[in-house]
Every structure is written in C-alpha cells, then in structure tokens.
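Report on one structure; see the data block that follows.
Since every read-out is calculated from the coordinates, none of them should be taken as a lab result. Note that the structure is predicted; figures quoted are calculated from it, not measured. With ideal geometry, Cβ positions are generated from the backbone for all residues, glycine too; neighbour counts draw on all protein chains shown.
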Amino acid sequence: MVKNPDFKKAGIRIGTLIGDEDSSTIAADQRETSHRVVKWSDSNHVRKKFTGKLYKLVNTHRKLDRGSVIPYLKRCFNYALDQNKGNTEATTKALLSIAEHIFGNHSNCGTWCEAKDNPEYVFKSLPKGKPLFSKNLQTALHGVLMEFTSRVLKVAPGGSSQLNESFNHMVATRAPKSRHYASSRSILLRVAAAVCQKNFGAKHIIDVRFEAGLPPGTVAEEYRLRKEVLQREIAVKRTTLEVKRRRCYLKNKRQRITIARESREGITYQSGMGLDLPIETTCEIDEPLREDSPQVIVDIETTGLASTADIVQIAAKCGDQEFARYMLPSQSINCHAAEKNGLSLVGGELHHYNKVVTTIPPREVGEEFIRFLGECSPQALLLGHDIVRFDAPRIMRWLQGPVSWKVLSKVFMECAIQFHSSDKVKLKNKKSSQSYI
C-alpha cells in the first residue's frame with residue numbers, strides 16, 4: 001500500500017490508517033515508511049468490542065440483563081462517541097460518566113441527561129425504571145470503559161472503513177469470487193468500472209460512451225436518471241429519524257424473540273455449533289404424552305430470584321398424596337425473598353415465620369422427591385406457576401449438584417415427562433388447578 005506507484009506519482013503520502021485492533025498492518029506500514037503513520041480505530045470494531053466485553057460480564061454479574069441493560073449501555077456508548085467525535089477530552093468524560101449515570105450518579109452527566117435535574121426520573125430501559133445498585137458491577141463496568149479511554153486518541157476521531165467495505169462490495173458484484181477473473185484481461189476493466197461507480201455514480205456510463213465517441217443514447221440516459229433519483233431517495237430515507245427508530249425497533253424485537261426462545265428451549269443456533277457437537281448415528285424419540293399421565297403440582301422456595309439461588313423448600317401434590325421438605329441453603333436468603341416466603345436463617349437453623357423447621361440434607365430430599373414421583377406414576381406431568389422458566393431450571397441444577405449426584409438427575413428425567421406452566425394447561429378438574437401449595 002505505501003509503495004503504490006500511483007500514490008508516488010501523485011505525491012500522496014499515507015498519514016492515517018483506519019482499521020481494527022490488528023497491529024500487524026500498522027507495524028508493516030511503519031517499517032516501509034520513513035514518516036510516522038497514525039492509527040485510528042474503526043468505530044464499528046470499537047462498538048462491537050465494547051458489546052463483546054459486556055456479554056462477558058454477564059457470566060459474573062447477573063444484574064447485567066441481556067434484554068434491557070446491555071442494549072441501553074450500547075446506546076450510551078454510541079452517543080458518547082458520536083456526540084463528541086474528534087474531541088478527546090469530551091469523549092473521555094462522556095465514556096466514564098456512563099458507569100456513574102446508570103447507577104444514579106448524574107454529577108458528571110451533560111445536558112442530555114434528563115435525570116440530572118429530576119430525582120424521580122424513570123429509566124425506560126432499566127429494570128423497574130430505577131438505576132442499578134451493584135457496586136461490583138459498577139467497578140467492572142468502569143474497568144471496561146477505562147480500556148477505551150486509555151486509547152482515546154484512536155477512538156475519539158471516529159474513523160470508519162465503511163467506504164472501503166462499500167467499494168469492495170462493488171468490485172465483488174462486477175468480479176464475483178465464484179468465477180476466476182483475476183487471471184483474465186477483463187479484471188482491470190471490471191475494477192475500473194467499480195471505481196467509476198464509486199466516484200461518479202451512474203453518470204459514468206454516459207461519460208464512457210462519450211469518450212468512446214458514441215452518443216449518450218436514450219435508454220442509457222433514462223437508466224442514469226432513474227438510478228440517481230433512486231440513490232438520492234434511499235440516502236435521504238436512511239437518515240430520517242423514523243427509519244432509524246424502525247431499524248432499532250426491529251433489531252431489538254429480533255433480539256427479544258431470540259432471548260425468549262433460548263430461555264425456554266436453550267440455544268438453538270450458534271455459529272460453528274456443528275463442530276462442537278458429537279456425531280450421533282441414532283437418536284432416541286421421547287415417548288409421547290399420554291392423556292392419563294398423572295399431574296403433579298410442584299412449587300419451590302429459593303434464597304432469591306437469581307439462577308444460582310439455592311432451593312430452601314420443595315413441595316408437591318398429586319391427588320391425595322403430598323410432599324414437603326426443607327433444606328439448609330449454602331448461601332444467605334435474600335431480604336426480598338424472605339419477605340415473601342417468610343423463611344430466614346438464624347444461628348444456623350431455618351425459621352419459617354420465626355418458627356424453627358426441620359431440615360434434611362439436600363441429597364436425601366432429592367432421593368425422597370424422586371421416590372414420591374415414582375409412587376405417583378412411572379411418568380408424571382409436573383405443573384406449577386411459571387415452572388418452565390423458574391422452578392424447572394433450579395430443580396435440575398439442584399439435582400445435578402456434585403458429581404456423586406449425577407444419577408439423581410437421570411432418574412428424575414425418567415420419572416418426569418414434561419414441565420408445563422399451570423396457567424397454560426387446562427385441567428379436567430378445575431378445583432385441582434386452584435389447589436396450589
């Protein structure tokens with residue numbers, strides 16, 4: 001690139017290089033030039049890298065919700081870069097204020113922040129409309145933002161390589177990779193056609209005909225006018241506020257649908273997932289659900305709403321048979337959960353509304369629970385309020401505990417056919433559907 005003969009002939013010297021964080025290209029340019037070449041980070045790569053770091057934090061910080069908090073942080077990050085483009089000090093201040101803004105500290109926010117002068121401001125994109133309150137998450141988020149402020153000289157200019165990507169696409173349409181044009185004489189004309197299209201638009205067709213001594217032609221002139229009008233209309237439409245909002249709405253809608261489906265069914269698609277799965281020549285077909293399968297109503301009480309919360313109580317009912325056991329959790333009970341279920345830990349003992357209850361080791365409870373399901377029927381249908389999203393994942397996590405417990409989860413899956421939310425299943429006996437535990 002730096003030895004391009006056309007550049008040397010025109011007296012052009014490369015001063016700035018825009019690209020991703022790959023250091024090999026800039027290192028090669030520095031070796032081949034006698035002057036200093038400045039490196040700017042591509043804005044699209046910067047935004048994607050920030051998003052990737054946020055998703056890594058989800059594994060250790062459950063407050064960082066994928067459906068609302070992460071998209072909101074992405075918007076704040078984009079606004080900070082776009083509104084302060086070219087200003088390193090303003091970009092640094094705006095980026096660092098993000099970690100304070102979403103946690104209720106608006107002292108360093110700009111005039112754009114509506115919560116700065118309104119203590120009762122409701123955040124539309126944060127859970128329950130209130131700021132986050134996790135100190136550990138704030139520290140981690142501040143560390144992520146510091147990584148970008150340390151390279152603010154590369155990030156603040158807002159460089160973009162989209163024009164290069166657009167030109168590469170134009171070349172690919174005229175010289176498709178599915179055909180080998182690189183060794184043919186037409187490759188130079190095809191690339192030249194892409195260059196003319198990029199620099200002059202559709203009118204280059206008329207100019208080429210003029211240079212060749214041909215008349216413009218009625219059809220060619222109509223084609224040029226039609227293409228130019230269409231291109232201007234598309235360019236104007238893309239910049240309108242309604243189209244931008246519609247584009248963001250559709251993107252968020254697709255993400256919400258994907259997240260909702262993955263929460264019920266697990267990950268159904270992932271790039272390169274076929275390489276990670278073992279090859280199976282046969283697959284076992286599950287036995288279909290029978291109409292006479294007994295319905296077991298199940299309910300659990302946990303130490304909190306997190307997916308890693310421990311089960312404190314599990315109860316079940318199948319006809320006249322009932323099952324209820326308490327277990328000592330390995331973690332403290334959340335204050336909000338204690339207010340609703342009345343369970344608390346006092347001096348190493350479990351209390352239910354200030355009364356001591358008898359607890360059993362978790363593994364023994366698991367064995368008794370599976371034995372209870374086996375007494376109900378060899379295969380049972382488990383019902384419960386929001387059991388698919390809340391109860392079922394925590395029951396499976398509980399039964400899969402240590403390595404020595406693995407057999408419990410296998411036996412449990414043999415006893416339970418399906419999980420169904422009670423508000424989506426019509427029971428034959430309406431009274432039984434109201435007898436929750």
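Quick notes on this structure:
- Förster radius 22 Å - calculated FRET efficiency between residue 219 and residue 178, Cβ distance, rounded to 0.05: 0.15
- Here 163, 350 are placed in order of increasing Cβ neighbour count within 10 Å, fewest first, which gives 163, 350.
- Here the residues 239, 173, ranked from fewest to most Cβ neighbours within 10 Å of their Cβ, fall in the order 239, 173.
- Among the listed pairs 48/251; 48/85; 63/85; 85/227; 63/317; 53/93, those beyond 23 Å (Cα-Cα): 63/85; 85/227; 63/317
- Placing R0 at 56 angstrom, the Cβ-Cβ distance between residue 235 and residue 340 gives a FRET efficiency of 0.50 after rounding to 0.05.
- Subtracting the Cα-Cα distance of residue 363 and residue 130 from 0.36 nm times their residue separation leaves 79.9 nm of extension gain.
- Computed across the stretch 132-227, the Kirkwood hydrodynamic radius from all distinct Cα-Cα pairs reaches 17.8 Å.
- Gain on full extension, evaluated as 0.36 nm per residue between residue 251 and residue 147 minus their Cα-Cα distance, stands at 34.7 nm.
- Scattering curve values for the stretch 165-270, log₁₀ I(q)/I(0), Debye with Cα scatterers, q = 0.11, 0.16 Å⁻¹: -0.62, -0.90
- Stokes-Einstein translational diffusion, the stretch 37-88 - Kirkwood Rh over all Cα pairs, 1.567 mPa s, 4 °C, in µm²/s: 106
- Amide H contacts of residue 17 (H built 1.01 Å from N, under 5 Å, at least 5 apart or other chain): 38, 39, 40
- Relative contact order %, the stretch 1-65, counting alpha carbon pairs below 8 Å whose residues are six or more apart: 29
- Difference of contour (0.36 nm per residue) and Cα-Cα distance, residue 163 to residue 47: 40.0 nm
- Intensity falloff of the stretch 43-156 expressed as log10 I(q)/I(0), Debye formula with alpha-carbon point scatterers, at q = 0.12 Å⁻¹: -0.39
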